[in-house]
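All remarks here apply to the structure that follows.
The values are calculated or read from the model by the stated rules, or taken from the named source; none is laboratory data. Predicted, not measured: the structure shown is a model, and the values here were computed from it. Please note: Cβ atoms are built from the backbone with ideal geometry, for glycine as well, and neighbour counts cover all protein chains shown.
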Amino acid sequence: YSFKPFYGIEITSDSAFYVLGGLFIEEKISKNFYITPSFGAGVYSKGNGKDLGNEIEFRSGLEISYELQTKKRIGLSVSHISNSSIGDKNPGTEILSLSYQKSF
């Protein structure tokens, strides 16, 4: 397996944001399907959104994607963000995402 880096910024309509980086593995499981587990860590600011219990939050995720004939992909992922109990409370949150991907 080959680990690859990722980074990102997530912003909500409640002015919360999460800046993170981490690693993922991409595995082709059939002719057009890929499975991509990932793990990262970052800094969270709740803005007017959910209090996740700490500024440091960890994210684990799993994505299934389908490669189109144009080499672009559509994917569905499920992720969990939590502080792994390093904060006084650890409510965590789940994210369901639909993506459209184009390689550079």
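One line per residue, one yes/no per condition, for (1) farther than 19 Å from Pro5 by Cα; (2) out of contact with any strand residue (DSSP E or B) (no Cβ under 8 Å at 6 or more places or on another chain); (3) of a type outside the set (S, T, N, Q):
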| residue | (1), (2), (3) |
| --- | --- |
| Asn32 | yes, no, no |
| Thr36 | no, no, no |
| Ser45 | yes, no, no |
| Tyr66 | yes, no, yes |
| Asn83 | yes, no, no |
| Asp88 | yes, yes, yes |
| Phe104 | no, yes, yes |
Inside region 25-51, can you point out the residues that are among the hydrophobic types (A, V, I, L, M, F, W, C), touching a residue at least 24 places away in the same chain (Cβ under 8 Å) and closer than 16 Å to His80 by Cα? Val43
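How do the strands (runs of 3 or more DSSP E) wholly within the chain filter down when requiring 3 or more residues that are at pLDDT 95 or above and surrounded by 13 or more Cβ atoms within 10 Å (Cβ to Cβ): which remain? Explain how you work it out, then say what you get.
Details: elements: 4-11, 17-24, 33-45, 56-67, 73-82, 93-101.
Qualifying strands (runs of 3 or more DSSP E): 17-24, 33-45, 56-67, 73-82.
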Residues located in region 80-90, provided they are of a type in the set (S, T, N, Q) and in contact (Cβ under 8 Å) with a residue 24 or more places away in the chain: Ser82, Asn83, Ser84, Asn90
Selection count where residues are among the hydroxyl-bearing types (Ser, Thr, Tyr), out of contact with any Leu (no Cβ under 8 Å at 6 or more places or on another chain) and under 15 Å from Ser99 (Cα atoms), scope region 26-43: 1
